[in-house]
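One structure below.
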Amino acid sequence: MMPQVNASGQRASNAAGVHAAKPFSLRARLTWALLAVVAVAACLQAFSIYRTARAETEALFDGQMQRIALALSAGLASEVASDALADPQAKAQDMIVQIWRADGIMLYRSSNARLLPQVAVLGFSDARAHGTAFRIYALQTPTQVIQVAQEIASRRQMAGDVALRSIVPVLLLAPLIMLVVWWVVTRTLAPLQRTRSQLAARRADDLSPLPDADLPLEVQPLVQEMNLLLARLQAAFDALQRFVGDAAHELRSPLAALRLQVQSLARAPDDAARRVAGERVTAGIDRATRMVEQLLSLARQEAGQIQAATLQAVDMALLCQRSVDELQPLAQQAGLHLAFAADAAQPAITGQPDALALLLRNLLENALRYTPEGGQVQCSWGRAADEASSSSVAGRSSAVLTVEDSGPGIAAAERERVLDRFYRVPGTVAHGSGLGLAIVNAVARQHGARLALDDSPLLGGLRIRVFFDAISASGA
């Protein structure tokens with residue numbers, strides 16, 4: 001029962017993970033967000049316009065009432081009472097006009113007027129009469145009191161109508177703005193859709209860079225990083241193809257030789273012959289294994305790029321001492337003297353310790369393999385003090401790793417070619433795959449270092465120097 005419980009729990013966890021990682025549409029989210037902003041802005045603007053229009057309309061009505069009162073105060077009461085002075089616009093707007101004499105006798109009132117309160121408050125005021133609320137403006141002259149009134153409900157209805165007509169353009173314009181927003185978002189995100197279509201239409205082996213022309217500034221870094229990733233994938237793919245091709249080509253001969261040696265072992269007439277044939281088979285297997293290991297190392301170095309997160313300060317003096325100690329048994333077996341020397345001021349470099357150990361081991365093994373019995377191999381580490389260090393970065397000191405031997409050396413015309421894969425100097429007797437210096441060159445390039453091959457002034461054989469940019473010095 002326990003496996004079933006675990007399986008169901010795993011399925012529930014996976015379902016929760018899938019639910020949490022549900023994708024979303026950037027275009028839909030951006031469009032809806034902008035449409036919501038436009039809608040809220042339109043509503044706020046319509047509300048503001050509505051309130052402003054109502055307030056301005058109310059002020060306009062008040063001003064009209066004040067102008068009517070001032071106009072009536074300039075004439076006589078009898079003239080005011082004539083129908084000619086009755087304002088048709090005031091009638092249409094339910095204006096009520098009443099004129100009182102100073103002694104309280106009414107001189108005039110509108111034909112549609114209900115009697116207003118006789119006690120007048122000068123200026124603007126609100127009052128109720130006969131169950132109706134009025135807005136009243138009262139003006140006093142030396143001989144009379146003029147009252148101009150309007151129903152508050154009628155004023156508010158007319159002000160509301162004016163305000164509604166004012167917000168109609170905003171309400172009609174909002175959908176148009178939303179349509180423009182949708183079009184702009186679609187057009188703005190079109191480069192992403194175009195890039196996606198270009199990627200979807202590619203073949204699996206097409207790792208060429210994506211075009212970054214006519215892309216927004218915010219999208220260009222994404223495409224550029226994607227192109228860097230495609231370049232790294234292309235380098236890894238090329239290295240894989242080279243590895244497969246090299247392995248198929250170079251392992252054919254060792255495997256054929258192993259087949260012959262196994263046949264010789266099977267046909268050996270006595271124990272001595274079988275022992276010799278067995279030793280040859282073992283040596284052939286060791287050489288094939290060594291070649292495969294070197295092929296894999298070379299493929300990793302050529303395909304990989306050093307990431308900043310994996311870099312660290314490396315004590316090359318300690319790394320050299322460890323490599324020399326590990327290879328001492330091999331040197332003693334070959335009858336060679338292997339030694340290491342370091343400067344008093346030992347610079348440190350930034351790199352990958354494993355890759356640098358691979359570089360150093362290949363340099364030392366190459367020197368031990370091609371140095372005759374009784375010879376010497378010298379490894380040293382310190383600051384570069386000659387013209388060969390001029391390639392270092394300005395403002396930073398240069399450090400040099402040197403491996404030299406008392407072997408036959410390499411002719412000047414061959415020194416560039418020995419860095420190629422599987423190339424061996426013609427007439428070389430020692431066994432080898434031709435990959436050691438190619439691996440050294442690949443690791444050096446990964447670390448921004450430079451190789452220099454020349455004659456050893458100390459031992460007379462080959463001297464290989466690797467120049468690095470030093471970051472510090474330990475010791476005095």
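Taking the conditions (1) in contact (Cβ under 8 Å) with a residue 12 or more places away in the chain; (2) touching a Ser or Thr at 6+ places or on another chain (Cβ under 9 Å) in turn, L222 satisfies each one other than (1). Being in the same structural domain as T52 (by TED's automatic domain parsing), more than 18 Å from G104 (Cβ to Cβ), in contact with a strand residue (DSSP E or B) (Cβ under 7 Å, 6 or more places away or on another chain) and part of a helix (DSSP H, G or I): is that true of R135 here? No, not satisfied. Just wondering, is there one or more residues in segment 294-309 that are at pLDDT below 70 and among the basic types (K, R)? Yes, there is a match, as at least one residue in segment 294-309 is at pLDDT below 70 and among the basic types (K, R). Here are some conditions: (1) loosely packed, with under 14 Cβ neighbours inside 10 Å; (2) modelled with pLDDT under 80. S433 meets all but one. Which one does it not meet? It is condition (1) that S433 fails. Checking L189, L228, L233, L215 one by one, the residue that is under 20 Å from the mean Cα position of the chain (by Cα), free of Cβ contacts under 8 Å to residues at least 12 places away in the same chain and either over 30 Å from Q446 (Cβ atoms) or not assigned by TED's automatic domain parsing to the domain that holds V38 (or both) is L228 and no other. In segment 158-186, the qualifying residues are those that are free of Cβ contacts under 8 Å to residues at least 12 places away in the same chain and β-branched (V, I, T), and the one that is nearest to L233 (Cα to Cα) is V184.
The values are calculated or read from the model by the stated rules, or taken from the named source; none is laboratory data. Note that the structure is predicted; figures quoted are calculated from it, not measured. As a convention, Cβ positions derive from the backbone with ideal geometry for all residues, glycine included, and neighbour counts pool all protein chains shown.
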